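Data first, discussion second: the structure below is written as structure tokens.
The values are calculated or read from the model by the stated rules, or taken from the named source; none is laboratory data. If you're wondering where the values come from, they're calculated on a predicted model, not measured in any experiment. Ideal geometry is used to build each Cβ from the backbone, glycine not excepted, and the neighbour counts take in all protein chains shown. Please note that ligands, DNA and RNA were not included when accessible areas were found on the heavy atoms of the full protein model with its side chains. Shrake-Rupley method; radii C 1.70, N 1.55, O 1.52, S 1.80 Å.
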Amino acid sequence: MCGIFAYFGPKDNALEIVIKGLKKLEYRGYDSWGVALKVANDFVIHKELGKIGDFSFADIAKITQSGAVQSKINTSKFSDRFKISIGHSRWATHGGVTEYNAHPQWSHDQEIVLCHNGIFENYLEIKKKLIDKGYTFRSETDTEVLAHLIADYLKNFDFETATKKALAEMTGRYAVIVLFKNEDKIIAARRGSPLIVGKGGVSNEYFIASDIPAFVEYTNKVQYLDDNQMVIIDQFGARFEDMITKLPIEKRVVEIIWRYEEADKGDFPHFMIKEIMEQKETLYRAINQNENILSQVAEAIKKARGAFFVGCGTAGKVCMTAEYIFSKIAKRHINVLFGSEFKFHEHFLTDQSLLLAISQSGETADTLEAIEIIQKKGGKVVSIVNNEASTMARISDMMIPIKAGPEKAVASTKATTSQIAICILLAYALINRLHDGKQILIETASQINDMLNPRYEEHIQQVAEFLKNFESLYIIGRGLNYPMALEGAIKLQEVTYIHAQGFAGGELKHGPIALISKNTPCIVLVANDESKNEILSNAIEVKARGGYIIGISPENAEVFDYWIKVPDNSNTSPIINIIPIQILAYQLALLRQNNPDMPRNLAKSVTVK
Ligand code: G6P
């Protein structure tokens, strides 16, 4: 994963711009970070473990003035025409969380300095060749290999040629930004991981980042790199090139409309609770769709010989929910796969297949890989995404925006319910009753609005207090609420670190019920539909073995030890029932002193396979 960012231009505060930009990219990884500033023909490099959020901006001066950490140079020479700086916020893949493994990485005498997002799959093979040639490695990363490889080519070629030759040898998915100490030039390349160029307000000013928020406060003019493309930025401007044909590319400058202020926490202590509460409005926005597009997608599903709903993590659970929704409302079969499993079903695909990719970020590597696979077979792609400027949105044949607004907390909440709402709309569109679908969702949005009040939160807080010291808990559901039992477990795992597991109620007796003993907490998701009596029977079975039953249900039941009331709306129960679990997970995270916005080991956007 990781976030990468570079600045090229006249501003003296290049380093500050990069560090601030990196902070906006921390959702992509936050175990360590680093920056490099080019000063004359040398670099100041600074790295730290932990989050950028903990860094005091007053320390920027210290980095540049003292020559900080690994630099030996005198920064009084800081009068270059172009200020050039790069930075990286890391989610460790190769090598532990150490300063050596944090980026930027560099070649021996720091002539090449670079930041990388992704994985070079053949790095070991190339590392061995370089070791045989006498190179030594400081880090365990795959990234350092590229730095030494470029340096090796630099012995015989210029910076640009050396970088191109080195990149041509690397396999895998990546985005890289490379600097050379003797040239005022940035080379950035993309194969699989996002990279966007922002054209600054003054002449010859450029930003390059994994995502737009890093630089949106300076410019809204962007140029998207596609796979196998590179950009070379120097005093003459930005040149784009196809890495395969080696031909220059004309890049359109796109002016984006971005509601920058929306990504603030406002009066909330954390993004997670802010985003949970935003569900009072986000559903309305999701419902407000272009009906023509919904009908066209519904038509494409009807015509397809195999419609595949694909997503990862929470989005994958939304895909599972879609299967039940389509069965119940539209009586139509769809296939559901996690992005990472899609390739193993490749042989089922033809040019008549349709892939519906569900993703908040629109950048998840496994889902993007599924898209590449179906596109190679000639099939079509519909993306259901939150980030309308994402790679997925751009490479799909049709796109349905979920309009949830920026989602910053790692644990997805508002994007989830909006994605489910789109699936419900599509199911109704399939049976030509889109209007009915909208009505049901409008009613649901109003019920959620009533439900989300401080008294409701307090009621959930009480059960959170009871649960805070347990190390495992279970969630069960049936039908539409089975995937939500799985999603509820993900929510709890992500931010509470409690061992939470979701099951289909009927599956308990085939094994998991052996895990129940006195007071084992079990959350039961109930909907007023055909699954109700059976899920209540499963709850009774758990209780008979000593389990403590927390019912999330429109009505109370004798079996519940604790009841969390939810509004009654049977076709939208997955949307309604997941919200109390989101709140519970948030409260438990706080009680267990975890950071709910940035849980350990996770990242919001998963751009590695
Ligand atoms: C990460 C996030 C999850 C998300 C999943 C898929 O694991 O932490 O919240 O569901 O990626 O991301 P996407 O952006 O494709 O929805």
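Let me check against my output: what whole-number percent is the relative contact order of the chain, with C-alpha pairs under 8 Å and at least 6 apart?
Relative contact order for the chain comes out at 12 percent.
Between the Cα long axis of helix 365-376 and the first principal axis of the chain there is an angle of about 90°, rounded to the nearest 10.
If packing is taken as the average number of other Cβ atoms within 10 Å across a peptide's residues, how do 246-256, 480-490 rank, most packed first?
Averaged packing, sorted descending, gives the order 480-490, 246-256.
Counted residue by residue at 0.36 nm each, then reduced by the alpha carbon distance between them, the extension gain from Asn288 to Glu534 reaches 85.0 nm.
Protection proxy ranking of 544-552, 95-103, by the mean of other Cβ atoms within 10 Å over each peptide's residues and highest first, is 544-552, 95-103.
In this structure the amide hydrogen of Ala92, modeled in the peptide plane, comes within under 5 Å of the amide hydrogens of Asp31, none closer than 5 places in sequence on its chain.
Summary value for the stretch 3-262: 19 percent relative contact order, contacts being C-alpha pairs under 8 angstrom separated by 6+ residues.
You can think of it this way: the chain between Val202 and Met243 has 11.9 nm of extra reach, that is 0.36 nm per residue less the Cα-Cα gap. Against the chain, whose longest principal axis comes from its Cα atoms, helix 454-467 is set at around 90 degrees. Computed from phi, the 3J(HN,Hα) profile of the stretch 13-22 under the Karplus parametrisation 6.51, -1.76, 1.60 (θ = phi - 60°) reads 8, 3, 5, 5, 4, 5, 5, 5, x, 4 Hz, with x in place of Gly and Pro.
Remark on Ser412: its backbone amide H falls under 5 Å from none of the residues 5 or more positions apart or on other chains, H modelled at 1.01 Å from N. Taking Cα atoms, how many degrees apart are the long axis of helix 123-132 and the longest axis of the chain, rounded to 10 and kept between 0 and 90? Once rounded, one gets 30 degrees. When each of the peptides 330-341, 181-192 is scored by how many other beta carbons lie within 10 Å of its residues on average, the order from highest to lowest is 181-192, 330-341.
Each label was represented as a point 7 Å from its Cα along the Cα-to-Cβ direction; for Asn228 and Arg81 these points are 3.5 nm apart.
Separation of the stretch 118-186 and the stretch 393-408, taken as the distance between their Cα centroids, equals 34 angstrom.
What net charge do the residues around Lys328 carry, taking every other residue with its C-beta under 12 Å from that of Lys328, with Lys and Arg at +1 and Asp and Glu at -1?
Values: positive: Lys331, Arg332; negative: Glu323, Asp529, Glu530.
Spelling it out: positives minus negatives among the neighbours equals -1.
Each label point was placed 7 Å from the Cα along the Cα-to-Cβ direction; for Arg252 and Arg332 their separation is 2.9 nm. Full extension of the chain between Glu299 and Lys518 yields a length gain of 73.7 nm, computed as 0.36 nm times the residue separation minus the alpha carbon distance. The solvent-accessible area of Glu555, taken with every protein chain present and a 1.4 Å probe, is close to 80 Å². Report the percentage of all Cα-Cα pairs in the chain whose separation exceeds 46 Å, rounded to a whole percent. The calculated P(r) of the chain puts 20 percent of pairs beyond 46 Å. For Val178, the amide hydrogen comes within under 5 Å of the amide hydrogens of Ile187, Ala188, counting only partners 5 or more places away or on other chains and with H modelled in the peptide plane. Along the axis of the charge dipole computed for the stretch 3-262 (Cβ charges of +1 for Lys and Arg, -1 for Asp and Glu, origin at the Cα centre), the listed residues Val176, Gly237, Val197 are led at the positive end by Gly237.
Each of Gln462 and Asn122 was given a label point 7 Å from its Cα along the Cα-to-Cβ line. The distance between the two points is 6.4 nm.
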